[in-house]
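A.B. asks: Supplied in structure tokens, the structure appears directly below.
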Amino acid sequence: MRPGRRAVYNRAILIAVEESEVRMTQTVHNFINGQWVPAQSGETFPSYNPATAALLAQAAKSGPADVAAAVEAARSAYKNWRLTPAPRRGEILFKVAQVLTERKEELSRLMTQEMGKILSEARGDVQEAIDMAYYMGGEGRRLLGYTAPVEMPNKFGMAIRDSAGVVALVTPWNFPVAVPSWKMLPALVAGNAVVWKPSEETPAMSAAFVQVFADAGLPPGVLNLVLGAGDVGAALVEHPAVRVVSFTGSTTTGLKVYSGAAAQGKKVSLEMGGKNAIIVLDDANLDLAVQAITWSAFGTTGQRCTATSRLIVQRGIKSKLLDALVAKGRSLKVGDGLDEAIDVGPLVNEKALAKVEHYVQVGKGEGARALIGGVRIEAPGYFYQPTLLDNVSPEMVVAREEIFGPVLSIIEVADLDQAIEINNSVIYGLSSSIFTENVNAAFRAIRDLATGIVYINHGTTGAEIQFPFGGTRGTGNGMREAGQTALDSFTEWKSVYVDFSGRLQRAQIDTDAVLGEL
Ligand code: UN1
């Protein structure tokens, strides 16, 4: 434990992480105005390790009063933060990147223990935040606007990005560091103050992430954390002082957030469900396809919004591909992700496991056949066997709804046209992929796949932070995270006109007449 860390709570978490399996008994608090504070009610809720079902931590169970305190802290801190020069704000983000790099291993171990993804994937999750911190830190010296010529003599015009104010972030448990980083880093570099409500599945992880910002020198009140369930998120997004809401999670909740915020005229960025497909044409490189399908479908136990949950396969290659997928799927080791030999960790909780079981039953009832898996693993944690469902047709429930588990539905097609039509037939539009060696087919797919992300000869996961991330139709509301586009969520455009003529020009009386004379 490095001396000088400010948080009380962290001692427990980081000792727990260093000693790997030590149970936490201490409470994770809210972070408001630079202080770790319990919920005003004094209530807590538990956080469990999904691989063992053991208690990991207790966390502050916030209510509207805690939300109000956090928003007030943000509102007050915003006054100075917006005036802090952007390059200085960016330097703090570089420091965040450094501290994250130093703590990458302990944060990754905590992540595996709190939400179950295997250690190598947890490291990737933290790395995305490191990448984003460097990328957005650089924006401190850019935040580019533009100038354009103006109509009048002795006049100058420019469009600049302005901060928006207090922003509310509501995030899921499946990428407990990466996804929040996509939101808070652009929000902070742009000069906003943040109130963050993470998933109730990952309070300890969220607190450890916030501690990084505090230790990197972010001023008190600029980033605030309120822990709790959906009611806390609802109170936050509805708070009248919140100007921008950025949400990642289920489509049902996202649309509720959207309509509530619309009534208050707030800007909203939504990242919701997916039902991503990999298309495999007859001429595909089989080995590449097998690797990509396996990791996109079963990596993170299928709990990515980018996970592959449909395989759309051309008739000629189907039996060879399925044989290889079955063999590969059988070789996967399911277990506690702290063990480096494990390939697939647990589902996040009992409810998620029950949902997967339900969908597989529905699929079987509609005529699907499990080539492998299709059963839960009896253990204290929430494990389900990687599952390949054959005989799926596009109208079946398992081909349309997001399962968010290690289940891949296999749909046979005759040709590329049919594959694209089926890919585009679901309500979601996040990620899609095609395996082919034919450049014409690849470019037709790029043109016609109606998703926000398209991969050629690569699985549906693995988006990098310097490109826009997000989806069409039921996946989003037209906004994108990451890349330059992230700044659009967290800034307002301000158009500025400077008249330096120093005298009343006829132009100011009658623009058209003056222009006519010029
Ligand atoms: C998510 O599942 O919400 O592209 C995000 C990917 C990761 C991010 C996934 N970089 O799979």
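A.B. asks: What is the number of the single condition among (1) modelled with pLDDT under 95; (2) crowded, with 16+ Cβ neighbours inside 10 Å that Arg6 does not meet?
C.D. replies: Arg6 satisfies all of (1) modelled with pLDDT under 95; (2) crowded, with 16+ Cβ neighbours inside 10 Å except (2).
A.B. asks: Among residues belonging to the range 432-477 that are aromatic (Phe, Trp, Tyr) and not in a strand (DSSP E or B), point out the one that is farthest from the ligand (Cβ to nearest atom). Lay out the reasoning, then the answer.
C.D. replies: Going residue by residue through the range 432-477, those that are aromatic (Phe, Trp, Tyr) are 435, 443, 455, 467, 469.
From the residues that got through so far, the ones that are not in a strand (DSSP E or B) too are 443, 467.
On the way: Phe443: 22, Phe467: 10 Å.
Selected residue: Phe443.
A.B. asks: Which one of these does Ala263 not meet: (1) surrounded by fewer than 22 Cβ atoms within 10 Å (Cβ to Cβ); (2) small (Gly, Ala, Ser); (3) within 24 Å of the chain's Cα centre (by Cα)?
C.D. replies: Status for Ala263: all satisfied but (3).
A.B. asks: Just a yes or no: is a residue in the range 282-304 crowded, with 19+ Cβ neighbours inside 10 Å, modelled with pLDDT of 95 or more, assigned to a strand (DSSP E or B) and in contact with a strand residue (DSSP E or B) (Cβ under 7 Å, 6 or more places away or on another chain)?
C.D. replies: There is no residue in the range 282-304 that is crowded, with 19+ Cβ neighbours inside 10 Å, modelled with pLDDT of 95 or more, assigned to a strand (DSSP E or B) and in contact with a strand residue (DSSP E or B) (Cβ under 7 Å, 6 or more places away or on another chain).
A.B. asks: Taking only pairs six or more apart or across chains, which ones have beta-carbon atoms under 8 Å, a first residue in the range 389-405 that is more than 21 Å from Thr252 (Cα to Cα), and a second residue that is of a type in the set (A, V, I, L, M) and part of a loop (DSSP other than H, G, I, E, B)?
C.D. replies: Leu389/Ala368; Asp390/Ala368; Asn391/Ala368; Val392/Ala368
A.B. asks: Further question on the same structure: Identify, from the list Gly265, Gly233, the residue that is in contact (Cβ under 8 Å) with a residue 60 or more places away in the chain, of a type outside the set (Lys, Arg), more than 16 Å from the ligand (Cβ to nearest atom) and closer than 30 Å to Leu83 by Cβ.
C.D. replies: Within the list Gly265, Gly233, the selection yields Gly233.
A.B. asks: Moving to a separate point now. When you go through (1) more than 16 Å from the ligand (Cβ to nearest atom); (2) closer than 21 Å to Tyr455 by Cβ one by one for Gly337, which number turns out not to apply?
C.D. replies: Unmet for Gly337, out of (1) more than 16 Å from the ligand (Cβ to nearest atom); (2) closer than 21 Å to Tyr455 by Cβ: (2).
A.B. asks: Of the residues Ser120, Ser199, which is free of Cβ contacts under 8 Å to residues at least 60 places away in the same chain, within 16 Å of the ligand (Cβ to nearest atom) and not assigned by TED's automatic domain parsing to the domain that holds Gly302?
C.D. replies: Numbers: Ser120 fails: free of Cβ contacts under 8 Å to residues at least 60 places away in the same chain.
Exactly one of Ser120, Ser199 is free of Cβ contacts under 8 Å to residues at least 60 places away in the same chain, within 16 Å of the ligand (Cβ to nearest atom) and not assigned by TED's automatic domain parsing to the domain that holds Gly302, namely Ser199.
A.B. asks: Residues Gln58, Gln26: which one is at pLDDT 50 or above, in contact with a helix residue (DSSP H, G or I) (Cβ under 6 Å, 6 or more places away or on another chain) and surrounded by fewer than 22 Cβ atoms within 10 Å (Cβ to Cβ)? Break it down stepwise before answering.
C.D. replies: Details: Gln58 fails: in contact with a helix residue (DSSP H, G or I) (Cβ under 6 Å, 6 or more places away or on another chain).
Answer to the selection: Gln26.
A.B. asks: For the condition more than 16 Å from the ligand (Cβ to nearest atom), over 20 Å from Pro394 (Cβ atoms) and either buried (at least 17 other Cβ atoms within 10 Å of the Cβ) or of a type in the set (Val, Ile, Thr) (or both), what is the one hit in Val326, Val344, Val360? Talk me through it step by step, then tell me what you get.
C.D. replies: Values: Val344 fails: more than 16 Å from the ligand (Cβ to nearest atom); Val360 fails: over 20 Å from Pro394 (Cβ atoms).
Every option except Val326 fails the conditions.
The values are calculated or read from the model by the stated rules, or taken from the named source; none is laboratory data. Since we're looking at a predicted model, the values are computed, not measured. FYI the Cβ positions are ideal-geometry reconstructions off the backbone, even for glycines, and counts take in every protein chain you see.
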